[in-house]
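Read-outs: derived from the displayed coordinates by stated rules, not from any lab. Since the structure is predicted, the reported quantities are computational estimates derived from the model, not experimental observations. So basically every Cβ, Gly included, is an ideal-geometry build from the backbone, and we count neighbours across all protein chains shown.
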Amino acid sequence: MSAVRIARLSEEPLDLDTHLRAVEDDASGAVTTFVGRVRNTDPDATDTVVALEYSAHPDAPAALHRIAEHAAAGTDAIVAVSHRVGRLGVGEAAVVIAVASGHRAAAFEVCRTVIETIKTDLPVWKRQVEADGTTAWKGLGG
């Protein structure tokens with residue numbers, strides 16, 4: 001079975017439990033998760049952030065799968081990762097990652113590698129919307 005159980009972009013809200021179920025494995029003694037949520041602040045914002053609008057390149061799902069595969073390579077890790085697209089309000093999950101492995105070190109390392117690589121390599125862009133109507137595009141991945 002593939003090390004990557006879920007690697008998708010979704011317009012629907014992300015569910016952590018779905019990702020946890022996807023990485024269930026009797027040989028895995030460790031499970032780590034990461035949930036990246038929309039927050040109401042940003043160092044570049046002059047007003048309260050009220051939403052993020054995510055757009056993705058058509059190749060983004062395949063890129064996300066490659067990111068997860070690369071992160072898990074050489075380990076016993078199992079990965080489930082999703083990224084939202086569309087308009088998300090404050091508090092909504094933009095990214096959900098679950099990683100299972102035999103031991104915690106690999107689970108933590110793979111999870112961190114997935115999110116850090118998403119931030120730099122996934123062709124997803126976000127438009128930040130502030131309460132006063134100001135908007136700002138953020139670059140590739142982050």
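All distinct Cα pairs of the range 82-123 go into the 1/r average, and the inverse of that average, the Kirkwood radius, is 11.7 Å.
Peptide packing: for 120-127, 44-51, 95-102, the average count of neighbouring Cβ atoms within 10 Å per residue gives the ranking 95-102, 120-127, 44-51, highest mean first. Diffusion coefficient (Stokes-Einstein, Kirkwood radius over C-alpha pairs, 25 °C, 0.890 mPa s) for the chain: 160 µm²/s, rounded to a whole number. Running Debye on the range 37-90 with equal point scatterers at the Cα sites and no solvent, what base-10 log of I(q)/I(0) appears at q = 0.21, 0.25 Å⁻¹? The Cα Debye sum returns log10 ratios of -0.85, -0.95. Computed about the Cα centre, the dipole magnitude for the chain is approximately 120 debye when only Lys and Arg (+1) and Asp and Glu (-1) carry charge, each at its Cβ. Once the Cα atoms are used to define both axes, helix 60-72 deviates from the longest principal axis of the chain by about 40 degrees. Considering all alpha-carbon pairs of the range 1-60, what whole percent are spaced by more than 19 angstrom? Everything past 19 Å amounts to 52 percent.
Spin-label model, Ser55/Val35: points 7 Å from Cα along the beta carbon direction are separated by 2.9 nm. Each of Ser10, Ser55, Ala27 was scored by the projection of its Cα onto the charge dipole of the range 1-56, and the greatest displacement toward the positive side belongs to Ala27; charges sit on the C-beta of Lys, Arg, Asp and Glu. On full extension, the segment bounded by Asp76 and Ala27 gains 16.7 nm, given 0.36 nm per residue less the C-alpha separation.
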